[in-house]
Amino acid sequence: ITFAMLGLTVGFILFSVVPFLPFIYFFFAVGGWIKGIFEAMVGAPLWALAHIRIDGNGLPGNAALNGYFLIFEVFLRPILIVFGMLASISTYSALVSVLNDIFSLVTENTAGYDIESEIGASRDTLNYMRAEIDQFFFTVIYVIIVYMLGMSSFKLVDTMPNNILRWMGQSVATFGDQREDPAQNLVSRASIGSQQALSQAGRGLQSTSKAIVDAGAG
């Protein structure tokens with residue numbers, strides 16, 4: 001029952017959590033852009049006051065120069081969010097496709113591959129059971145790798161708009177830079193909740209099976 005609960009948790013992550021990652025990152029990225037617009041509306045008077053200091057080279061001065069980059073970032077962020085979404089989907093699809101092609105080769109080299117025992121007609125019980133156990137745990141490792149690929153790929157929706165101004169020699173901070181990773185919190189809480197629910201279901205199955213066995217014995 002414990003291994004079954006672990007398998008259900010793995011299936012929950014693959015079937016329900018990973019397909020939601022693009023939507024979560026895109027939705028929160030759009031929300032961060034809207035908050036950036038409100039920040040620009042509130043900070044516009046302060047930016048206007050920053051033009052009073054003209055001690056730099058040109059009319060804006062050093063005090064008001066970052067405001068222009070922030071306004072430029074507000075107008076540029078929607079396009080970068082869409083490009084980041086397309087880039088993340090393309091990257092994730094390519095990485096998972098390559099992983100599916102090479103994962104059997106990686107597991108065979110990791111667990112060891114005895115060609116003489118495979119060619120032979122008979123296999124002992126220990127090696128047969130080890131192959132089945134290795135297959136189960138390698139499936140868990142595969143799910144972890146797929147989840148890590150999804151997290152690293154779909155973060156482009158946030159990292160591309162947040163860091164694109166580095167190419168202009170600027171590092172202005174926005175609301176998007178200070179936001180926590182929403183998908184990471186969701187996955188951790190969903191994993192904890194699913195483990196608790198599945199553990200309770202497992203205990204219920206154990207008590208039910210024990211009651212059935214006791215009734216049959218009586």
statement: How many residues of segment 74-112 are more than 24 Å from the chain's Cα centre (by Cα) and either at positive phi or not β-branched (Val, Ile, Thr) (or both)? The answer is 7
- prompt: If we only count helices (runs of 4 or more DSSP H) wholly inside segment 1-111, which ones have 3 or more residues that are at pLDDT 75 or above and open to solvent by 40 Å² or more (accessible area, probe 1.4 Å)?
  reply: 21-50, 61-111
query: Taking interchain pairs and intrachain pairs at least six residues apart, which have beta carbon atoms under 9 angstrom, with the first residue in segment 142-170 and on the phi > 0 side of the Ramachandran plot and the second at pLDDT 85 or above and open to solvent by 50 Å² or more (accessible area, probe 1.4 Å)?
result: none
field: Pairs where the first residue, in segment 79-106, is within 21 Å of residue 19 (Cα to Cα) and the second is charged (D, E, K, R) and open to solvent by 70 Å² or more (accessible area, probe 1.4 Å), C-beta under 9 Å, 6+ apart
entry: 84/155; 88/155
- request: Consider only pairs whose beta carbons are under 8 Å apart and that are at least six residues apart or on different chains; among these, list those whose first residue lies in segment 15-33 and is under 16 Å from residue 86 (Cβ atoms) and whose second residue is among the aromatic types (Phe, Trp, Tyr).
  value: 21/154; 22/154; 25/154
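The values are calculated or read from the model by the stated rules, or taken from the named source; none is laboratory data. Predicted, not measured: the structure shown is a model, and the values here were computed from it. Don't worry about glycine lacking a Cβ; one is built from the backbone with ideal geometry, like all the others, and counts go over all protein chains shown. Keep in mind that these areas ignore ligands, DNA and RNA; they rest on the heavy atoms of the full protein, side chains included. Shrake-Rupley method; radii C 1.70, N 1.55, O 1.52, S 1.80 Å.
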